[in-house]
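Peer 1: One structure follows; several queries about it will come next.
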Amino acid sequence: MDFKEFILSFKTHTAPIPFTEKIRNGLIGGIAILLLGLALKYLPQINYPLVMLGSIAASAALLFAAPHSPMAQPWPLFGGHLISALAGWLCSQLISDPLLAAGCAVGSAIFLMHYLNCLHPPGAATALTLVLHSAQFHPMGWPWVACIVLANIGISLVLALLINNLLPGRHYPMRHAPQPIQQTDMQPKHVQLEQADIEWALTQMDGVIDVSEEDLVDIYELAIKHARNRGGKVNS
């Protein structure tokens, strides 16, 4: 990468999201965190408090600003945080150097989330939290730490189900299943898709689609190339 490309890499990739949608996402995200805090405050506190995890704010950004994202679905939310919490706890227990423990916790969390198909970026922050604040969490013991994590993600999931399904144009959870593309005689056989078409299509979607127009165009072109190569092999 030359210097010019490096400078151009700072150019933002903004999706054509209406300003009102941005305001709505901010409002419901803030309201959700407020409701989560109130719920944690008034739930039974046995020996230790049910604290709010900082990483849950990052989850709120996904749940309420990009609820249709694969990373915002229930299994990534639950599995990502729980697996990452376990990775952070074990690393903080087994590795005395906090910096080494932090690196191992985050790396292990990312690997395990990938392996178990529950990649949820805020989960890595949960792993790091358990390492950096191990002096606070260790006296609680693993069962109570698990209760804290479960309370945070459980209440967040309930709020995501309630709020997103009350808003028009949103459906949560979103099942990502490939749909077969059927072509009839009334449809054109060959259509050249341009980036302007992608940008227009994005404006018709409710919520944030966490991929840029450029990435979508690249995906489309690669898919077309792959389909042509497959068709050539079939005909030969």
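The values are calculated or read from the model by the stated rules, or taken from the named source; none is laboratory data. Since this is a predicted model, take the numbers as computed values, not measurements. When we count neighbours, we look across all protein chains shown, and the Cβ atoms used for this are built from the backbone with ideal geometry, even at glycine.
Peer 1: Which condition does Ile33 not pass, out of (1) hydrophobic (A, V, I, L, M, F, W, C); (2) touching a residue at least 60 places away in the same chain (Cβ under 8 Å); (3) under 28 Å from Phe137 (Cβ atoms), if it passes all the others?
Peer 2: It is condition (2) that Ile33 fails.
Peer 1: Of His81, His138, which residue is of a type outside the set (D, E, K, R), in a helix (DSSP H, G or I), within 26 Å of Ile46 (Cα to Cα) and at pLDDT below 95?
Peer 2: His138
Peer 1: What is the number of the single condition among (1) surrounded by 14 or more Cβ atoms within 10 Å (Cβ to Cβ); (2) in contact with a Lys or Arg (Cβ under 9 Å, 6 or more places away or on another chain); (3) at pLDDT below 65 that Ile163 does not meet?
Peer 2: (3)
Peer 1: From His114, His120, which residue is in the same structural domain as Leu77 (by TED's automatic domain parsing) and outside any helix (DSSP H, G or I)?
Peer 2: Within the list His114, His120, the selection yields His120.
Peer 1: Quick one: which of Ile155, Ile219 is assigned by TED's automatic domain parsing to the domain that holds Pro67, within 30 Å of Asn25 (Cα to Cα), modelled with pLDDT of 70 or more and not charged (D, E, K, R)?
Peer 2: It is Ile155.
Peer 1: Something else: Taking interchain pairs and intrachain pairs at least six residues apart, which have beta carbon atoms under 6 angstrom, with the first residue in region 85-112 and touching a residue at least 40 places away in the same chain (Cβ under 8 Å) and of a type in the set (Ser, Thr, Tyr) and the second assigned to a helix (DSSP H, G or I) and surrounded by 14 or more Cβ atoms within 10 Å (Cβ to Cβ)?
Peer 2: Ser92/Ala101; Ser92/Leu130; Ser92/Val131; Ser92/Ser134
Peer 1: Of the residues in region 134-150, how many are crowded, with 19+ Cβ neighbours inside 10 Å and either outside the structural domain of Lys41 (by TED's automatic domain parsing) or under 11 Å from Pro49 (Cβ atoms) (or both)?
Peer 2: 1
Peer 1: List the helices (runs of 4 or more DSSP H) that sit entirely inside region 1-72 and contain at least 3 residues that are surrounded by 10 or more Cβ atoms within 10 Å (Cβ to Cβ).
Peer 2: Numbers: elements: 3-8, 19-42, 55-65.
In region 1-72, 19-42, 55-65 are the helices (runs of 4 or more DSSP H) which contain 3 or more residues that are surrounded by 10 or more Cβ atoms within 10 Å (Cβ to Cβ).
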